[in-house]
Amino acid sequence: MSRHTLATFLGEFTGAVRRWPSILWRWEARLKGVEFQGRSLFLGRPLISVVKGARMVFGDDVRIGSYVRANPLACFQPSALRALAPGARLILGPHVGISATALCAGLSIEVGEHTIMGAGAVVVDNDFHHPQGEWDWADDSRKGARPVKIGRGVFIGARAIILKGVTIGDRAVIGAGAVVTRDVPAHHMAVGNPARILVPGEAPAHLRVR
């Protein structure tokens, strides 16, 4: 029995139609200062800002999901990519894929090739605000910022949060909803809030925590 029912045909057709505006969103990103090192696919319109003196670079075949149906879990928001301060760097390597993801760099965020991030993941290298005076708060994405580096082939689960100063090694896995505040070695897994590092190849895994 063919899988191509009327419903699947309509789904595939509307999916193809949704890809057409990708060209427009890429041009908008280019006008905002994004540097493209090959083709990229925008599934919906992301939120992008690059302040003067900052850099945002997308490697070849970067895929950015922002419309609701761009991810099996649904995108509840557009992807947001921000280079917030002069000198800030936000670099996505080749074949990186994100959906409804927020990446905000006040200093430096680098994402290695073939890394993918689930719906609602957040990566930040700064605190955005710091105390000022007795009760006020000042906006300064550079103050206290520490670079974030994510390796190659990393999987970051839905709604995980990667905080400033974290380095994640190649082929690591970050569990859904994890809050990562320290480095994750290559081929390890981080789960929970705050995230615990699980040692690979040992059982039971949930007891092998460093």
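The values are calculated or read from the model by the stated rules, or taken from the named source; none is laboratory data. Values in this document were obtained by computation on a predicted structure and should not be read as measured data. Note that each Cβ is placed from the backbone with ideal geometry, even for glycine, and that neighbours are counted across all protein chains shown. The area values use the complete protein model at the heavy-atom level, side chains included, leaving out ligands, DNA and RNA. Shrake-Rupley method; radii C 1.70, N 1.55, O 1.52, S 1.80 Å.
At a glance:
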read-out	value
Verdict on PRO78 being touching a Pro at 6+ places or on another chain (Cβ under 6 Å) and either open to solvent by less than 60 Å² (accessible area, probe 1.4 Å) or not in a loop (DSSP other than H, G, I, E, B) (or both)	yes
Residue count for the range 81-100, restricted to those that are more than 20 Å from SER22 (Cβ to Cβ) and in a strand (DSSP E or B)	4
Residues that are over 19 Å from GLY53 (Cα atoms) and surrounded by fewer than 14 Cβ atoms within 10 Å (Cβ to Cβ), drawn from the range 136-159	ASP136, TRP137, ALA138
Within the range 21-62, tally of residues that are part of a strand (DSSP E or B) and surrounded by fewer than 19 Cβ atoms within 10 Å (Cβ to Cβ)	7
ALA145 being in a loop (DSSP other than H, G, I, E, B), within 21 Å of LEU92 (Cβ to Cβ) and more than 16 Å from the chain's Cα centre (by Cα)	yes
Pairs, first touching a residue at least 60 places away in the same chain (Cβ under 8 Å) in the range 148-177, second assigned to a loop (DSSP other than H, G, I, E, B) and crowded, with 19+ Cβ neighbours inside 10 Å, C-beta under 7 Å, six or more apart	ALA158/GLY118; ALA158/ALA119; ALA158/GLY120; ALA158/ALA121
Among (1) within 19 Å of VAL179 (Cβ to Cβ); (2) open to solvent by 10 Å² or more (accessible area, probe 1.4 Å) - the single one VAL111 does not satisfy	(2)
Count of the range 117-135 residues which are open to solvent by less than 10 Å² (accessible area, probe 1.4 Å) and over 10 Å from the mean Cα position of the chain (by Cα)	2
